[in-house]
Amino acid sequence: MMGFNMLADLTNKGRIGLLLFLAILISLPFWSSSYIISVATITLYLAILGQSWNLMLGFAGLLSLGHALFVGVSAYLAAYLFSVLGLPPVIGIFPAVLLAILMGMLIGYLGFRFSIGGVYFALLTIAFAELVRISVDHMAVIGGTEGLFLQVSEGDRKGVDLINLRGHPWMFYYLAMVLAFLTLAGCRSLLKSKLGYYWQAIRDDQDAAQALGINVFRYKMYAVIYSSGIAGVAGVFYAFYQNSLFPESVFGIERSIEVSLGPIVGGVGSLFGPVLGAFILTPLGEGLTELIDFLKSSGIIDPKSKLNGLKLLIWGLVVALIVLFKPRGIWPWLNDKLGFCRKESD
């Protein structure tokens, strides 16, 4: 039902474009390489997280720069329950997502109760993410700085086991695609509900919304709960897809920035913006990595040269140009040109 409601927002041209896009995604494992499938899987994963981040800032006007916190706590808890207690992720996802939501509620309560907003709320999210990262660094029970690893056998990579999230890479790809679609459809339903209209009123003018009788504290808490819950689901997926977790790579501010860049490039506040942003930035980043490796292997660049920052430099330049010339994001501009969505749903 949610999918059909979303189709109602699209023009005929938009429906054709969406069907073609889905056809490419569904058929991808049949004609592409394993490397492309892995890049597409990460792209879809980041599209999910982008929707989660966009729900807070784009819908409710809450800037989060520590979003990796919600991903990390759910990933670590689900991985720990599986590796130590043998609890399959189909069950472990519930306490893991609950923990992410509780962390979001704690941050939201402290921020909203004491009227911390704007950039100061963003700093609060960073502070909590760093606090948890440092704490996990010293937790030997979950690996500490040495990391937490999930055992994977050769047989695990060949079958399809959705209960334990063990299987062929294309299983994770299709699972990420389904989760991305459900997240998109769910965010669309939230945006078109009374809750979504309240969020937009708070985002546009919090004082005016409160004067109209909207319980600002309650509905901002709802935004944090939904956003952290979606990020928690993505965190469980990430843990069992990567099979290894390290505090710096999971909770680091670089991960939070990576989550936010997709919606910013695609279009904050739009439904399809985070998806488009993820499909622009992730392949771009991987393409730059492959290009640098090719230049080194062909002798054009000294193989011993240190170019670790070149990828980030080029990536940052591209993002800066997009933000400079298309500050609303690529999707609103593209939609204005091609008319994929009806104006009232853009």
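Values in this text are rule-based calculations from the coordinates and carry no lab data. These numbers come from a predicted model, not from an experiment. We place every Cβ from the backbone using ideal geometry, glycine too, and count neighbours over all the protein chains shown.
Observations on the model:
- Positive minus negative residues near Val136 (Lys, Arg vs Asp, Glu; Cβ under 13 Å): -3
- Span-like helix ranges in the chain, DSSP H, alpha carbon extent 18 angstrom or more, Kyte mean at least 0.5: 12-31, 34-54, 68-83, 89-113, 118-137, 169-191, 216-242, 253-266, 273-297, 310-325
- Amide proton proximity set for Cys341, modelled H, under 5 Å, gap of 5+: Thr11
- Within the shell defined by Cβ-Cβ distances under 15 Å, the residues around Phe70 carry a net charge of 0, with Lys and Arg each +1 and Asp and Glu each -1.
- Among residues other than Glu248 with Cβ under 12 Å from its Cβ, the summed charge is -2 (Lys and Arg +1, Asp and Glu -1).
- Computed from label points 7 Å out along Cα-Cβ, the spacing between Ile301 and Ser33 is 1.8 nm.
- Centre-to-centre separation between the Cα atoms of the stretch 214-243 and those of the stretch 35-89: 8 Å.
- Lysine pair number, Cα distance threshold 25 Å (strictly under), the stretch 2-345, separation 8 or more or different chains: 15
- Basic side chains Lys and Arg get +1 at the Cβ, acidic Asp and Glu get -1 at the Cβ, and with that the dipole of the stretch 2-345 about its Cα centre reaches some 800 debye.
- Relative contact order (percent, whole number), the chain, Cα cutoff 8 Å, 6+ residue spacing: 31
- Debye-sum result for the chain in log10 I(q)/I(0), which assumes one identical scatterer on each alpha carbon, at q = 0.08 Å⁻¹: -0.39
- Gained length - His168 relative to Glu248, 0.36 nm times residue gap less alpha-carbon distance: 26.1 nm
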